[in-house]
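Notes to accompany the following structure.
The values are calculated or read from the model by the stated rules, or taken from the named source; none is laboratory data. It should be emphasised that the depicted structure is a prediction, and the values quoted were computed from it without experimental measurement. Cβ placement follows ideal geometry from the backbone for every residue including glycine, while neighbour counts extend to all protein chains displayed. Keep in mind that these areas ignore ligands, DNA and RNA; they rest on the heavy atoms of the full protein, side chains included. Shrake-Rupley method; radii C 1.70, N 1.55, O 1.52, S 1.80 Å.
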Amino acid sequence: MRTDALDLSTMPGPPVLPLVGSAPWLAGREGVIQALLGLAPKYRQTGVFRVATPSGDAPILVINVAQAEAVFDERRFQKTLDGPLLTIREFTGDGLFTAYSNEPSWGVAHRVLSPGFSSEQMERYLPAMHVVSEQLLASWRKATAPVDVVSDMTKLTLDTISVCGFGYEFKSFELPALHPFLQALGRALQESTDRLSRPALLAPLFRGTLRRFEDDRRQMFELVDGVIARRKQTPRTEWPKDFLSLMLSEADPKTGQLMSDENIRYQVLTFLVAGHETTAGLLSFTLHQLATNAALLSRVRTEVDEVLGDGAPTRATLLKLSLTMRTLSESLRLWPTVPVLTVAPVEDDVVAGFAVPAGRPVGVLVGALHRDPAVWPNAEVFDPDRFLPEASRARSTAAYKPFGNGSRSCTGRMFALLEATMALALVVREFDFTANGPLAIAPTTSPKPAGLRLTLRRRAR
Ligand code: MNH
(Lines give C-alpha, C1' and ligand atoms only; values in the text may rest on other atoms or scores of the structure.)
Protein backbone atom coordinates (compact mmCIF):
# COMPACT_ATOMS: atom_id res chain seq x y z
CA MET A 1 0.00 0.00 0.00
CA ARG A 2 1.12 3.53 -0.70
CA THR A 3 2.37 5.07 2.53
CA ASP A 4 1.06 8.54 1.73
CA ALA A 5 -2.53 7.24 1.52
CA LEU A 6 -5.00 8.96 3.82
CA ASP A 7 -6.60 7.17 6.72
CA LEU A 8 -10.13 5.95 5.94
CA SER A 9 -11.52 7.59 9.07
CA THR A 10 -10.73 10.97 7.55
CA MET A 11 -12.88 10.37 4.46
CA PRO A 12 -15.47 13.17 4.20
CA GLY A 13 -19.14 12.48 4.79
CA PRO A 14 -22.11 13.57 6.86
CA PRO A 15 -21.77 13.33 10.67
CA VAL A 16 -22.06 9.95 12.37
CA LEU A 17 -24.14 9.92 15.58
CA PRO A 18 -24.29 7.18 18.23
CA LEU A 19 -26.90 4.46 17.61
CA VAL A 20 -28.40 6.01 14.48
CA GLY A 21 -25.26 6.73 12.47
CA SER A 22 -25.90 9.22 9.67
CA ALA A 23 -29.65 8.48 9.76
CA PRO A 24 -30.78 12.14 9.83
CA TRP A 25 -28.90 12.68 6.54
CA LEU A 26 -30.23 9.47 5.00
CA ALA A 27 -33.87 9.95 5.87
CA GLY A 28 -36.44 11.14 3.40
CA ARG A 29 -39.57 10.09 1.67
CA GLU A 30 -37.67 8.88 -1.38
CA GLY A 31 -35.40 6.56 0.59
CA VAL A 32 -31.71 6.08 1.28
CA ILE A 33 -30.50 5.98 -2.33
CA GLN A 34 -32.13 9.30 -3.22
CA ALA A 35 -30.72 10.78 -0.01
CA LEU A 36 -27.24 9.62 -1.01
CA LEU A 37 -27.68 11.08 -4.49
CA GLY A 38 -28.69 14.35 -2.85
CA LEU A 39 -25.50 14.36 -0.76
CA ALA A 40 -23.18 13.41 -3.63
CA PRO A 41 -22.69 16.88 -5.23
CA LYS A 42 -21.01 18.06 -2.00
CA TYR A 43 -18.28 15.47 -2.42
CA ARG A 44 -17.42 15.83 -6.12
CA GLN A 45 -14.07 17.32 -5.14
CA THR A 46 -12.89 14.08 -3.52
CA GLY A 47 -14.99 11.74 -5.66
CA VAL A 48 -15.87 9.57 -2.64
CA PHE A 49 -17.70 9.94 0.65
CA ARG A 50 -18.70 7.68 3.48
CA VAL A 51 -21.84 7.37 5.60
CA ALA A 52 -22.96 5.13 8.46
CA THR A 53 -26.32 3.41 8.41
CA PRO A 54 -28.23 2.76 11.63
CA SER A 55 -27.73 -0.96 10.96
CA GLY A 56 -24.00 -0.45 11.48
CA ASP A 57 -22.88 -0.60 7.85
CA ALA A 58 -20.37 2.06 6.88
CA PRO A 59 -20.41 2.23 3.11
CA ILE A 60 -17.72 4.06 1.19
CA LEU A 61 -19.32 5.50 -1.92
CA VAL A 62 -17.48 6.26 -5.14
CA ILE A 63 -19.24 8.96 -7.18
CA ASN A 64 -16.77 10.17 -9.85
CA VAL A 65 -15.76 8.46 -13.07
CA ALA A 66 -12.03 9.03 -12.45
CA GLN A 67 -12.13 7.13 -9.15
CA ALA A 68 -14.53 4.51 -10.50
CA GLU A 69 -12.02 3.57 -13.19
CA ALA A 70 -9.78 2.15 -10.47
CA VAL A 71 -12.47 0.12 -8.70
CA PHE A 72 -13.71 -1.34 -12.01
CA ASP A 73 -10.27 -2.88 -12.58
CA GLU A 74 -11.06 -6.52 -11.81
CA ARG A 75 -7.43 -7.33 -11.11
CA ARG A 76 -7.61 -4.95 -8.16
CA PHE A 77 -11.28 -5.10 -7.09
CA GLN A 78 -13.86 -7.90 -7.13
CA LYS A 79 -17.59 -7.89 -6.58
CA THR A 80 -18.57 -8.53 -2.98
CA LEU A 81 -21.82 -8.55 -1.01
CA ASP A 82 -22.84 -5.87 1.45
CA GLY A 83 -26.06 -4.34 2.79
CA PRO A 84 -29.21 -5.49 0.95
CA LEU A 85 -27.40 -8.11 -1.16
CA LEU A 86 -26.48 -10.00 2.02
CA THR A 87 -30.16 -10.23 2.96
CA ILE A 88 -31.17 -11.19 -0.57
CA ARG A 89 -28.57 -13.96 -0.42
CA GLU A 90 -30.64 -15.53 2.35
CA PHE A 91 -33.10 -16.58 -0.35
CA THR A 92 -31.00 -16.57 -3.52
CA GLY A 93 -28.02 -18.31 -1.88
CA ASP A 94 -25.10 -18.97 -4.20
CA GLY A 95 -27.21 -18.15 -7.30
CA LEU A 96 -25.35 -16.10 -9.94
CA PHE A 97 -26.30 -12.68 -8.57
CA THR A 98 -25.43 -13.24 -4.92
CA ALA A 99 -22.56 -15.74 -5.27
CA TYR A 100 -19.09 -14.67 -4.25
CA SER A 101 -16.77 -14.66 -7.26
CA ASN A 102 -14.52 -17.26 -5.67
CA GLU A 103 -17.39 -19.69 -4.99
CA PRO A 104 -17.02 -22.60 -7.45
CA SER A 105 -20.81 -22.65 -7.99
CA TRP A 106 -20.58 -19.18 -9.60
CA GLY A 107 -18.26 -20.45 -12.35
CA VAL A 108 -20.33 -23.59 -12.92
CA ALA A 109 -23.62 -21.68 -13.26
CA HIS A 110 -22.00 -18.95 -15.35
CA ARG A 111 -20.76 -21.53 -17.86
CA VAL A 112 -23.93 -23.65 -17.90
CA LEU A 113 -26.29 -20.68 -18.24
CA SER A 114 -24.37 -18.60 -20.79
CA PRO A 115 -25.91 -20.44 -23.78
CA GLY A 116 -29.31 -19.49 -22.32
CA PHE A 117 -28.55 -15.88 -23.20
CA SER A 118 -27.33 -16.40 -26.78
CA SER A 119 -28.98 -14.53 -29.68
CA GLU A 120 -30.47 -17.85 -30.74
CA GLN A 121 -32.13 -18.27 -27.36
CA MET A 122 -33.37 -14.65 -27.43
CA GLU A 123 -35.11 -15.51 -30.69
CA ARG A 124 -36.85 -18.33 -28.79
CA TYR A 125 -38.00 -16.14 -25.93
CA LEU A 126 -39.43 -13.48 -28.20
CA PRO A 127 -42.85 -15.07 -28.83
CA ALA A 128 -43.42 -15.48 -25.09
CA MET A 129 -42.34 -11.89 -24.49
CA HIS A 130 -44.81 -10.83 -27.16
CA VAL A 131 -47.66 -12.81 -25.61
CA VAL A 132 -47.14 -11.13 -22.24
CA SER A 133 -46.85 -7.66 -23.86
CA GLU A 134 -50.17 -8.32 -25.58
CA GLN A 135 -51.71 -9.15 -22.21
CA LEU A 136 -50.57 -5.75 -20.97
CA LEU A 137 -52.06 -4.02 -24.02
CA ALA A 138 -55.33 -5.91 -23.61
CA SER A 139 -55.63 -4.84 -19.98
CA TRP A 140 -54.84 -1.24 -20.93
CA ARG A 141 -57.47 -1.24 -23.69
CA LYS A 142 -60.06 -2.14 -21.07
CA ALA A 143 -58.85 0.40 -18.50
CA THR A 144 -61.52 2.83 -17.38
CA ALA A 145 -59.31 4.70 -14.92
CA PRO A 146 -55.66 5.78 -14.93
CA VAL A 147 -53.41 2.71 -14.81
CA ASP A 148 -50.92 1.91 -12.05
CA VAL A 149 -47.75 1.78 -14.11
CA VAL A 150 -45.33 0.14 -11.67
CA SER A 151 -47.79 -2.59 -10.83
CA ASP A 152 -48.48 -3.34 -14.50
CA MET A 153 -44.80 -3.26 -15.47
CA THR A 154 -44.08 -5.62 -12.58
CA LYS A 155 -46.71 -8.05 -13.85
CA LEU A 156 -45.21 -7.81 -17.33
CA THR A 157 -41.61 -8.47 -16.31
CA LEU A 158 -42.41 -11.20 -13.80
CA ASP A 159 -44.63 -13.13 -16.14
CA THR A 160 -42.06 -12.78 -18.91
CA ILE A 161 -39.08 -14.03 -16.92
CA SER A 162 -41.02 -16.86 -15.31
CA VAL A 163 -42.39 -18.16 -18.61
CA CYS A 164 -39.05 -17.82 -20.44
CA GLY A 165 -37.01 -18.99 -17.48
CA PHE A 166 -38.92 -22.00 -16.29
CA GLY A 167 -42.22 -22.32 -18.08
CA TYR A 168 -44.36 -21.09 -15.21
CA GLU A 169 -47.35 -18.87 -15.94
CA PHE A 170 -48.33 -16.58 -13.11
CA LYS A 171 -51.08 -15.12 -15.33
CA SER A 172 -50.71 -11.86 -13.42
CA PHE A 173 -52.93 -9.85 -15.75
CA GLU A 174 -55.84 -12.16 -14.99
CA LEU A 175 -55.51 -11.83 -11.22
CA PRO A 176 -56.88 -8.88 -9.27
CA ALA A 177 -53.85 -8.83 -6.94
CA LEU A 178 -50.27 -9.98 -7.27
CA HIS A 179 -49.83 -13.75 -6.91
CA PRO A 180 -49.00 -14.67 -3.25
CA PHE A 181 -45.56 -15.89 -4.32
CA LEU A 182 -44.85 -12.51 -5.85
CA GLN A 183 -46.06 -10.74 -2.73
CA ALA A 184 -43.68 -12.87 -0.68
CA LEU A 185 -40.84 -12.04 -3.04
CA GLY A 186 -41.71 -8.34 -2.90
CA ARG A 187 -41.76 -8.30 0.90
CA ALA A 188 -38.49 -10.20 1.16
CA LEU A 189 -36.81 -7.76 -1.23
CA GLN A 190 -38.16 -4.78 0.70
CA GLU A 191 -36.89 -6.29 3.95
CA SER A 192 -33.38 -6.27 2.47
CA THR A 193 -33.55 -2.47 2.22
CA ASP A 194 -35.54 -1.81 5.39
CA ARG A 195 -32.87 -3.57 7.47
CA LEU A 196 -30.45 -0.74 6.63
CA SER A 197 -32.42 1.76 8.65
CA ARG A 198 -32.93 -0.51 11.67
CA PRO A 199 -30.48 0.31 14.47
CA ALA A 200 -28.30 -2.75 15.00
CA LEU A 201 -29.09 -2.82 18.73
CA LEU A 202 -32.83 -2.92 18.10
CA ALA A 203 -32.78 -5.48 15.30
CA PRO A 204 -33.52 -8.46 17.61
CA LEU A 205 -36.77 -6.74 18.61
CA PHE A 206 -38.17 -7.04 15.10
CA ARG A 207 -39.25 -10.62 15.70
CA GLY A 208 -42.48 -10.44 13.72
CA THR A 209 -40.62 -9.08 10.73
CA LEU A 210 -38.02 -11.82 10.98
CA ARG A 211 -40.68 -14.51 11.24
CA ARG A 212 -42.46 -13.13 8.20
CA PHE A 213 -39.20 -13.12 6.28
CA GLU A 214 -38.77 -16.81 7.17
CA ASP A 215 -42.34 -17.57 6.06
CA ASP A 216 -41.89 -15.69 2.80
CA ARG A 217 -38.69 -17.55 2.13
CA ARG A 218 -40.32 -20.93 2.80
CA GLN A 219 -43.20 -20.05 0.49
CA MET A 220 -40.82 -19.09 -2.31
CA PHE A 221 -38.76 -22.26 -1.90
CA GLU A 222 -41.93 -24.40 -2.00
CA LEU A 223 -43.19 -22.96 -5.25
CA VAL A 224 -39.80 -23.17 -6.95
CA ASP A 225 -39.10 -26.70 -5.71
CA GLY A 226 -42.52 -27.71 -7.07
CA VAL A 227 -41.69 -26.28 -10.49
CA ILE A 228 -38.39 -28.17 -10.54
CA ALA A 229 -40.01 -31.44 -9.43
CA ARG A 230 -42.72 -31.15 -12.08
CA ARG A 231 -40.18 -30.56 -14.83
CA LYS A 232 -38.28 -33.65 -13.73
CA GLN A 233 -41.45 -35.75 -13.93
CA THR A 234 -42.12 -34.56 -17.48
CA PRO A 235 -40.53 -36.70 -20.24
CA ARG A 236 -37.34 -35.05 -21.44
CA THR A 237 -38.53 -34.95 -25.03
CA GLU A 238 -41.22 -32.50 -23.92
CA TRP A 239 -38.90 -30.13 -22.09
CA PRO A 240 -38.96 -26.58 -23.43
CA LYS A 241 -35.60 -24.98 -24.24
CA ASP A 242 -35.54 -22.68 -21.25
CA PHE A 243 -33.16 -21.91 -18.41
CA LEU A 244 -34.56 -24.64 -16.20
CA SER A 245 -34.00 -27.36 -18.81
CA LEU A 246 -30.45 -26.11 -19.37
CA MET A 247 -29.70 -26.32 -15.67
CA LEU A 248 -31.21 -29.78 -15.27
CA SER A 249 -29.57 -31.35 -18.30
CA GLU A 250 -26.24 -29.66 -19.02
CA ALA A 251 -23.02 -30.47 -17.23
CA ASP A 252 -20.44 -27.74 -16.73
CA PRO A 253 -18.14 -27.96 -19.78
CA LYS A 254 -15.11 -27.28 -17.59
CA THR A 255 -15.64 -29.54 -14.57
CA GLY A 256 -18.24 -31.97 -15.91
CA GLN A 257 -20.28 -31.15 -12.82
CA LEU A 258 -24.11 -31.04 -12.84
CA MET A 259 -25.80 -28.29 -10.85
CA SER A 260 -27.33 -29.40 -7.54
CA ASP A 261 -31.09 -29.14 -6.98
CA GLU A 262 -30.49 -26.64 -4.22
CA ASN A 263 -28.36 -24.48 -6.49
CA ILE A 264 -30.98 -24.70 -9.27
CA ARG A 265 -33.62 -23.49 -6.83
CA TYR A 266 -31.38 -20.53 -5.99
CA GLN A 267 -30.84 -19.77 -9.69
CA VAL A 268 -34.58 -19.77 -10.40
CA LEU A 269 -35.12 -17.33 -7.54
CA THR A 270 -32.14 -15.32 -8.77
CA PHE A 271 -33.71 -14.91 -12.20
CA LEU A 272 -36.91 -13.74 -10.59
CA VAL A 273 -35.11 -11.30 -8.32
CA ALA A 274 -32.56 -10.00 -10.83
CA GLY A 275 -34.91 -10.05 -13.76
CA HIS A 276 -38.10 -8.33 -12.72
CA GLU A 277 -37.88 -5.21 -10.53
CA THR A 278 -35.00 -3.81 -12.55
CA THR A 279 -36.78 -4.09 -15.90
CA ALA A 280 -40.11 -2.98 -14.40
CA GLY A 281 -38.45 0.14 -13.00
CA LEU A 282 -36.73 0.87 -16.30
CA LEU A 283 -40.02 0.69 -18.20
CA SER A 284 -41.85 2.80 -15.61
CA PHE A 285 -39.25 5.58 -15.58
CA THR A 286 -39.18 5.60 -19.37
CA LEU A 287 -42.96 5.82 -19.63
CA HIS A 288 -42.96 8.74 -17.21
CA GLN A 289 -40.34 10.49 -19.32
CA LEU A 290 -42.29 9.93 -22.54
CA ALA A 291 -45.52 11.08 -20.88
CA THR A 292 -43.87 14.39 -19.98
CA ASN A 293 -41.64 14.90 -23.04
CA ALA A 294 -43.87 15.31 -26.08
CA ALA A 295 -41.00 15.98 -28.48
CA LEU A 296 -39.25 12.75 -27.54
CA LEU A 297 -42.47 10.73 -27.62
CA SER A 298 -43.12 11.97 -31.11
CA ARG A 299 -39.62 11.01 -32.29
CA VAL A 300 -39.85 7.55 -30.71
CA ARG A 301 -43.24 6.98 -32.22
CA THR A 302 -42.09 8.00 -35.68
CA GLU A 303 -39.31 5.44 -35.41
CA VAL A 304 -41.69 2.72 -34.23
CA ASP A 305 -44.16 3.49 -37.04
CA GLU A 306 -41.40 3.42 -39.64
CA VAL A 307 -39.70 0.25 -38.44
CA LEU A 308 -42.58 -1.86 -37.10
CA GLY A 309 -45.55 -0.44 -38.97
CA ASP A 310 -48.54 -2.56 -37.98
CA GLY A 311 -46.50 -5.75 -37.96
CA ALA A 312 -45.51 -8.04 -35.11
CA PRO A 313 -42.11 -7.24 -33.66
CA THR A 314 -39.20 -9.58 -34.36
CA ARG A 315 -35.74 -9.57 -32.84
CA ALA A 316 -34.39 -8.05 -36.06
CA THR A 317 -36.92 -5.19 -36.14
CA LEU A 318 -36.59 -4.50 -32.40
CA LEU A 319 -32.83 -4.13 -32.80
CA LYS A 320 -33.49 -1.48 -35.47
CA LEU A 321 -35.38 0.70 -32.99
CA SER A 322 -32.22 2.58 -32.16
CA LEU A 323 -33.79 5.75 -30.73
CA THR A 324 -36.12 3.66 -28.57
CA MET A 325 -33.12 1.75 -27.25
CA ARG A 326 -31.12 4.94 -26.68
CA THR A 327 -34.09 6.26 -24.73
CA LEU A 328 -33.92 3.18 -22.49
CA SER A 329 -30.18 3.71 -22.07
CA GLU A 330 -30.72 7.33 -21.07
CA SER A 331 -33.39 6.23 -18.58
CA LEU A 332 -30.89 3.85 -17.00
CA ARG A 333 -28.36 6.67 -16.82
CA LEU A 334 -30.63 8.94 -14.77
CA TRP A 335 -32.47 6.19 -12.91
CA PRO A 336 -30.23 3.13 -12.72
CA THR A 337 -32.41 0.40 -11.26
CA VAL A 338 -29.46 -1.32 -9.58
CA PRO A 339 -28.37 1.73 -7.58
CA VAL A 340 -25.12 0.51 -5.99
CA LEU A 341 -22.39 -1.86 -7.19
CA THR A 342 -20.25 -3.25 -4.39
CA VAL A 343 -16.65 -4.36 -4.78
CA ALA A 344 -13.73 -4.94 -2.42
CA PRO A 345 -9.99 -4.67 -2.99
CA VAL A 346 -8.22 -8.00 -3.50
CA GLU A 347 -5.20 -6.63 -1.63
CA ASP A 348 -4.83 -3.47 0.45
CA ASP A 349 -5.44 -0.67 -2.04
CA VAL A 350 -6.11 3.04 -2.41
CA VAL A 351 -9.36 4.69 -3.51
CA ALA A 352 -9.40 8.43 -4.21
CA GLY A 353 -6.28 8.74 -2.07
CA PHE A 354 -7.68 6.81 0.92
CA ALA A 355 -6.22 3.54 2.15
CA VAL A 356 -8.75 0.71 1.83
CA PRO A 357 -7.83 -2.64 3.36
CA ALA A 358 -8.32 -5.88 1.42
CA GLY A 359 -11.91 -7.12 1.61
CA ARG A 360 -13.37 -3.79 2.76
CA PRO A 361 -16.59 -3.18 0.74
CA VAL A 362 -16.62 -0.12 -1.51
CA GLY A 363 -19.83 0.93 -3.24
CA VAL A 364 -20.19 2.74 -6.53
CA LEU A 365 -23.23 5.01 -6.35
CA VAL A 366 -24.31 4.48 -9.93
CA GLY A 367 -26.73 7.42 -10.20
CA ALA A 368 -23.96 9.79 -9.05
CA LEU A 369 -21.41 8.23 -11.42
CA HIS A 370 -23.94 8.78 -14.21
CA ARG A 371 -24.14 12.49 -13.32
CA ASP A 372 -20.42 13.20 -13.00
CA PRO A 373 -20.18 16.66 -14.60
CA ALA A 374 -16.65 15.88 -15.79
CA VAL A 375 -18.12 13.37 -18.24
CA TRP A 376 -21.82 14.15 -18.53
CA PRO A 377 -22.55 17.80 -19.49
CA ASN A 378 -25.97 19.08 -18.33
CA ALA A 379 -26.32 15.79 -16.53
CA GLU A 380 -29.92 16.34 -15.42
CA VAL A 381 -31.15 16.81 -19.00
CA PHE A 382 -32.73 13.72 -20.57
CA ASP A 383 -31.01 13.31 -23.93
CA PRO A 384 -30.98 9.89 -25.64
CA ASP A 385 -28.45 11.16 -28.18
CA ARG A 386 -25.74 10.87 -25.55
CA PHE A 387 -25.81 7.24 -26.63
CA LEU A 388 -25.19 7.80 -30.34
CA PRO A 389 -22.22 5.54 -31.20
CA GLU A 390 -19.68 8.31 -31.58
CA ALA A 391 -20.58 9.99 -28.29
CA SER A 392 -20.45 6.65 -26.47
CA ARG A 393 -17.05 5.81 -27.94
CA ALA A 394 -15.66 9.13 -26.72
CA ARG A 395 -16.48 8.35 -23.06
CA SER A 396 -14.60 6.31 -20.51
CA THR A 397 -16.17 2.85 -20.21
CA ALA A 398 -16.33 3.51 -16.46
CA ALA A 399 -18.79 6.36 -16.98
CA TYR A 400 -21.86 4.21 -17.55
CA LYS A 401 -22.50 1.00 -15.61
CA PRO A 402 -26.24 0.30 -15.35
CA PHE A 403 -25.54 -3.39 -15.95
CA GLY A 404 -22.57 -3.69 -13.62
CA ASN A 405 -18.96 -4.40 -14.44
CA GLY A 406 -16.80 -7.04 -16.08
CA SER A 407 -17.22 -10.73 -15.41
CA ARG A 408 -19.97 -10.10 -12.84
CA SER A 409 -22.02 -7.85 -15.10
CA CYS A 410 -25.61 -8.61 -16.03
CA THR A 411 -26.11 -11.72 -18.12
CA GLY A 412 -29.75 -10.75 -18.69
CA ARG A 413 -28.97 -7.44 -20.34
CA MET A 414 -30.06 -8.38 -23.88
CA PHE A 415 -33.11 -10.15 -22.51
CA ALA A 416 -34.10 -7.04 -20.56
CA LEU A 417 -33.50 -4.66 -23.45
CA LEU A 418 -35.48 -6.77 -25.92
CA GLU A 419 -38.32 -7.14 -23.46
CA ALA A 420 -38.39 -3.42 -22.63
CA THR A 421 -38.03 -2.29 -26.26
CA MET A 422 -40.89 -4.53 -27.30
CA ALA A 423 -43.22 -3.37 -24.53
CA LEU A 424 -42.40 0.29 -25.05
CA ALA A 425 -42.77 0.11 -28.83
CA LEU A 426 -46.15 -1.62 -28.61
CA VAL A 427 -47.41 0.86 -26.01
CA VAL A 428 -46.42 4.01 -27.93
CA ARG A 429 -47.76 2.54 -31.13
CA GLU A 430 -51.20 2.18 -29.61
CA PHE A 431 -51.64 4.74 -26.83
CA ASP A 432 -51.33 8.39 -26.01
CA PHE A 433 -50.77 8.95 -22.32
CA THR A 434 -50.39 11.64 -19.67
CA ALA A 435 -48.82 11.28 -16.23
CA ASN A 436 -50.49 12.21 -12.94
CA GLY A 437 -47.61 14.43 -11.81
CA PRO A 438 -43.89 15.10 -11.72
CA LEU A 439 -41.51 12.22 -11.05
CA ALA A 440 -41.20 11.05 -7.45
CA ILE A 441 -39.14 8.04 -6.47
CA ALA A 442 -40.26 5.19 -4.22
CA PRO A 443 -37.88 3.95 -1.47
CA THR A 444 -37.89 0.40 -2.82
CA THR A 445 -34.80 -1.82 -3.14
CA SER A 446 -34.74 -1.11 -6.84
CA PRO A 447 -35.83 2.52 -7.35
CA LYS A 448 -39.13 3.05 -9.15
CA PRO A 449 -41.46 5.96 -9.83
CA ALA A 450 -43.75 6.44 -6.81
CA GLY A 451 -47.48 6.49 -7.40
CA LEU A 452 -47.18 6.90 -11.15
CA ARG A 453 -50.46 6.64 -12.99
CA LEU A 454 -51.02 7.15 -16.68
CA THR A 455 -54.23 8.28 -18.27
CA LEU A 456 -54.51 6.38 -21.54
CA ARG A 457 -56.21 7.19 -24.79
CA ARG A 458 -56.17 4.98 -27.85
CA ARG A 459 -54.06 6.84 -30.32
CA ALA A 460 -55.80 8.48 -33.28
CA ARG A 461 -54.20 7.09 -36.44
MN1 MNH B 1 -29.27 -8.13 -14.27
C2 MNH B 1 -26.39 -8.93 -12.59
C3 MNH B 1 -28.64 -4.81 -13.78
C4 MNH B 1 -32.14 -7.34 -15.94
C5 MNH B 1 -29.99 -11.45 -14.61
N6 MNH B 1 -27.82 -7.07 -13.33
C7 MNH B 1 -26.69 -7.59 -12.71
C8 MNH B 1 -25.87 -6.50 -12.24
C9 MNH B 1 -26.53 -5.35 -12.58
C10 MNH B 1 -27.73 -5.71 -13.26
C11 MNH B 1 -26.07 -3.93 -12.27
C12 MNH B 1 -24.57 -6.62 -11.47
C13 MNH B 1 -24.84 -6.44 -10.01
C14 MNH B 1 -23.60 -6.33 -9.16
O15 MNH B 1 -22.52 -6.02 -9.64
O16 MNH B 1 -23.73 -6.60 -7.95
N17 MNH B 1 -30.24 -6.40 -14.72
C18 MNH B 1 -29.80 -5.14 -14.46
C19 MNH B 1 -30.71 -4.18 -15.02
C20 MNH B 1 -31.71 -4.91 -15.64
C21 MNH B 1 -31.40 -6.30 -15.46
C22 MNH B 1 -30.56 -2.68 -14.91
C23 MNH B 1 -32.91 -4.45 -16.39
C24 MNH B 1 -33.08 -3.25 -16.88
N25 MNH B 1 -30.82 -9.20 -15.09
C26 MNH B 1 -31.88 -8.69 -15.79
C27 MNH B 1 -32.66 -9.78 -16.32
C28 MNH B 1 -32.06 -10.94 -15.94
C29 MNH B 1 -30.90 -10.57 -15.17
C30 MNH B 1 -33.93 -9.60 -17.14
C31 MNH B 1 -32.45 -12.36 -16.23
C32 MNH B 1 -33.04 -12.73 -17.32
N33 MNH B 1 -28.37 -9.86 -13.68
C34 MNH B 1 -28.85 -11.12 -13.94
C35 MNH B 1 -27.92 -12.09 -13.39
C36 MNH B 1 -26.88 -11.37 -12.79
C37 MNH B 1 -27.20 -9.95 -13.01
C38 MNH B 1 -28.08 -13.60 -13.48
C39 MNH B 1 -25.67 -11.91 -12.05
C40 MNH B 1 -24.55 -12.15 -13.06
C41 MNH B 1 -23.31 -12.73 -12.40
O42 MNH B 1 -22.83 -12.19 -11.40
O43 MNH B 1 -22.81 -13.72 -12.92
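Between the C-alpha center of the stretch 240-255 and that of the stretch 328-367 there is a gap of 32 Å.
The separation of the stretch 384-399 from the stretch 187-233, counted between C-alpha centres, amounts to 40 Å. Rolling a 1.4 Å probe over the protein heavy atoms gives the chain an accessible area of 43 Å² per residue. Accessible area per residue (1.4 Å probe, heavy atoms of protein chains only) ranks Phe206, Phe354 as Phe206, Phe354, with the largest value leading.
Which residues among the stretch 283-314 fall inside the zone where the amide N is under 12 Å from a point 7 Å beyond the Cα of Arg459, along Cα→Cβ? The answer is 297-311.
Taking 0.36 nm per residue of separation and subtracting the Cα-Cα distance, full extension of the segment from Arg75 to Ser260 would add 63.6 nm. When peptides 325-335, 18-28, 280-290 are ranked by their average number of other Cβ atoms within 10 Å per residue, the highest-first order is 280-290, 325-335, 18-28. Span-like helix check, the chain: qualifying full DSSP H segments, with Cα axial length of 15 Å or more and mean Kyte-Doolittle of -1.0 or more, are 119-142, 149-166, 180-194, 261-291, 294-308, 322-334, 413-430.
In the stretch 191-222, whose amide N lies under 15 Å from the spot 7 Å out along Cα-to-Cβ of Leu86? List them in ranges. Residues 192-204 fall inside that zone.
Assuming 0.36 nm per residue, please report the length gained on full extension of the stretch Trp239 to Asn102 beyond their Cα-Cα distance.
Between Trp239 and Asn102, full extension yields an extra 46.1 nm.
The simple spin-label model puts a point 7 Å past each Cα toward its Cβ; for Asn378 and Glu120 those points are separated by 4.6 nm. Note on Lys171 and Arg218: with the Förster distance fixed at 22 Å, the Cβ-Cβ geometry gives a FRET efficiency of about 0.45. Between Lys232 and Arg141, the simple label model (points 7 Å from Cα in the Cβ direction) yields a spacing of 4.3 nm.
The stretch 407-461 and the stretch 1-55 have Cα centres spaced 31 Å apart. Here Lys232 is the anchor, and the aspartates and glutamates within straight C-alpha reach of less than 18 Å, apart from those fewer than 8 places off in the same chain, are Glu169, Glu222, Asp242, Glu250, Asp261, Glu262.
Summarising the label geometry, the points placed 7 Å from Cα in the beta-carbon direction at Ala66 and Ala203 lie 3.7 nm from one another.
Could you check what % of the DSSP bridge pairs in the chain are antiparallel, to the nearest 5?
Percentage antiparallel, nearest 5: 90.
Placing a label point 7 Å from the Cα of Ala27 along the Cα-to-Cβ line, the residues of the stretch 189-204 whose backbone N sits under 15 Å from it are 197-199. Counting only aspartates and glutamates at least 8 places from Lys254 when in the same chain, those with an alpha carbon closer than 17 Å to its own are Glu103.
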